[in-house]
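Working notes, structure below.
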Amino acid sequence: MVRISSSLLGPSPRCRHVSVAAFVTVACFHMTVSAALALQRATIATASSIRGAAPSNSAFTLSLTRFRRRAAANGPLSRLFASDGGGGRSSAAVTDPNLASKTTGKSSQKNKKLDTNPPKGTRDFYPDDMLLRNYLFEKFRQAANSHGFREYDAPVLESEDLYVRKAGEDVSAQLYGFEDKGGRRVSLRPEMTPSLARMVMAGGKGIVMPLKWFSIPQCWRYERMTRGRRREHYQWNVDIWGIAGVEAEAELLATMVGLFESLGITAEDVGIRINSRGVIKEVLAGFDVPEEKFAATCVLVDKLDKMPIDAIQGDMEALGLARSVVENLTSVLTDASLDSMSSVLGPDSEALTDLRRLFALAEAYGITEWLAFDASVVRGLAYYTGTVFEAFDRKGELRAIAGGGRYDRLLETFGGESTPACGFGFGDAVIVELMKERGVLPSVEGQSVVDVVVFALNDELYGGAVKAAREIRKQGMSVDVVLEKKKMKWAFKHADRLGAKHVVVVAPDEWERGEVSIKDLTKGEQILVKVEKLEEWCHTVKGV
Ligand code: HAM
């Protein structure tokens, strides 16, 4: 490697006129560009913060990205004051029977402009949004891996039967279901748990229990949209099968807390309410209510804080529960502590014994400050049989952040053997809202994925640029080759935009000597490096 000193900039051979002098010019230009970009970033940041004051419809679709898109499409004034509108409208893009004639170019009619919004309730993920999504998914993976869970996946399209349950729960009513071309009823998955159950059942004896698996599926629910609640969302699913004791629940809760901590969320921000459906079961048993009414009763109880109590009580009576049972249930569920619940269910209550053990385990895990018993938590899915839990923001402004519980009999409903199982689902939308509010969302703006930009000074040298790029990529660095004929100053501006730290210039005379010029954009230094020494240069840059 040769470091170019100022003495080298004196009377010079031709190559220096071409490359070195150009570097100096570009360096000055580069500073101007940096200043301009810094100003642009500041403007965008101001715009983002103005927009950040309003609740965003899209958790991940950053205001910044939309701002940039609009800024490109609209006039300068509308850039700063454009309203969010977010979330997309129903797409007007329909099959066009005249498409063929339109694409031949023979039609004199102007093509109808495509509605560029994604379908209502869904999101586009532009590159900055993807950086953030990948950040969160990486945290999901780390928290799951550090607790010994293995990742799995399943198709987003499943047989509709998998989701049709009789208890009248919301998720079964919100299916994106349709008939495929073979006449089969299919549906986009609204949740992952039934697919997991299907996979466990299909795996049969080949599946080694206990099983600890996680997944990050995209789920689809045709539901009314509110803040943090969309028609598609990604849901981190963490499940344990084959463990009947609350040791499984404790491990799940510790995994969830591990994630919160890794995101910078504390027990002051978030709490996890815990209950057991066993409590309701024991109350119903005390009144001789048949077991088959249990799941439907739980689904109705879950609606207590969402619908008028009279309507719920009416539905319960329609289900065959006596008025006295309905009133007793309602009063039991508003009871506050494990001890007062004990006086209702007696000292032998299995549900309460389990809950006590769970809280004792939580102490060993060091997560007690996150947890609280809450008899009103029932959860809206019909298949839960035991412990249920829900993570919520303590300010009470957002929907549930995550929810889960024990579902020992789900496999039985599919004609399989009942198998102990429990788990939780944790959406991507609400947590991002919370992170934004708490100021712990990492800044991805301008985050670089490119280390080096390689630029050939003329067409004949393009092959050389590719060769240099190949050498650098072999060392695990990210390289962007300038693919078209461009001026040197464009290449530097491009490198600045990408956040690259180095620009490699392939110039005629240097290349003839088997060298390339490398400019360090941070230090402003410039060196010549032999192509066969690029590997060494990479090690120096990476500090290895
Ligand atoms: P869930 O309560 O329906 O449970 O959903 C779990 C989490 O997914 C919610 O707490 C929320 O964070 C997120 N979520 C659900 N619907 C939406 C939506 N429309 N928009 C944004 N986020 C949403 C289940 O799905 C269970 N299968 C979880 C489970 C796994 N139980 C056992 N294992």
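Couple of notes before you dig in:
- Condition check for Tyr383: open to solvent by less than 10 Å² (accessible area, probe 1.4 Å) and either modelled with pLDDT of 95 or more or farther than 27 Å from Glu261 by Cβ (or both): no
- Some residue of the range 166-173 being open to solvent by 20 Å² or more (accessible area, probe 1.4 Å), within 10 Å of the ligand (Cβ to nearest atom) and part of a strand (DSSP E or B): no
- Selection status of Ala500, of a type in the set (A, V, I, L, M, F, W, C) and more than 30 Å from Leu263 (Cβ to Cβ): no
- When the residues of the range 476-489 are filtered to those that are within 10 Å of Phe455 (Cα to Cα) and hydrophobic (A, V, I, L, M, F, W, C), the one that is surrounded by the fewest Cβ atoms within 10 Å (Cβ to Cβ) is Leu483.
- So Glu390, is it more than 14 Å from the ligand (Cβ to nearest atom) and either of a type outside the set (Lys, Arg) or touching a Cys at 6+ places or on another chain (Cβ under 9 Å) (or both): no
- Scope the range 361-375; condition open to solvent by 40 Å² or more (accessible area, probe 1.4 Å) and out of contact with any strand residue (DSSP E or B) (no Cβ under 8 Å at 6 or more places or on another chain); matching residues: Glu363, Ala364, Tyr365, Gly366, Thr368, Glu369
- Residue satisfying all of: in the range 407-440; of a type in the set (S, T, N, Q) and surrounded by fewer than 19 Cβ atoms within 10 Å (Cβ to Cβ); nearest to the ligand (Cβ to nearest atom) among these: Thr413
- Verdict on Ser443 being within 16 Å of the ligand (Cβ to nearest atom), surrounded by fewer than 17 Cβ atoms within 10 Å (Cβ to Cβ) and not assigned by the TED database to the domain that holds Glu535: no
- Matching entry among Met225, Met256 (being within 16 Å of the ligand (Cβ to nearest atom) and either of a type in the set (Ser, Thr, Tyr) or over 20 Å from Val377 (Cα atoms) (or both)): Met225
- Val378 falls short of the stated requirement of being more than 26 Å from Val246 (Cβ to Cβ) and buried (at least 20 other Cβ atoms within 10 Å of the Cβ).
- Of the criteria (1) within 13 Å of the ligand (Cβ to nearest atom); (2) more than 26 Å from Asp153 (Cα to Cα), which one Ile274 fails: (1)
- Elements of type helices (runs of 4 or more DSSP H) contained in the range 200-314, each with 3 or more residues being open to solvent by less than 20 Å² (accessible area, probe 1.4 Å) and within 30 Å of Met130 (Cα to Cα): 247-263
- Test: residue in the range 360-371 that is in contact (Cβ under 8 Å) with a residue 24 or more places away in the chain, more than 23 Å from Ile431 (Cβ to Cβ) and not hydrophobic (A, V, I, L, M, F, W, C): no
- Of Leu211, Leu188, Leu157, all but one fail to be among the hydrophobic types (A, V, I, L, M, F, W, C) and more than 16 Å from the ligand (Cβ to nearest atom); the exception is Leu157.
- Helices (runs of 4 or more DSSP H) fully within the range 319-382 counting 3 or more residues that are within 16 Å of the ligand (Cβ to nearest atom) and over 20 Å from Glu291 (Cα atoms): none
- Picking from residues in the range 393-406 that are open to solvent by 20 Å² or more (accessible area, probe 1.4 Å) and either within 13 Å of the ligand (Cβ to nearest atom) or within 18 Å of Arg198 (Cα to Cα) (or both), the one that is modelled with the highest pLDDT is Ala400.
The values are calculated or read from the model by the stated rules, or taken from the named source; none is laboratory data. From a predicted model like this one, the values you see are computed outputs, not experimental measurements. Reconstructed Cβ throughout: ideal geometry from the backbone, glycine too, with neighbour counts over all protein chains shown. Ligands, DNA and RNA are excluded from the accessible area calculation, which covers all protein heavy atoms including side chains. Shrake-Rupley method; radii C 1.70, N 1.55, O 1.52, S 1.80 Å.
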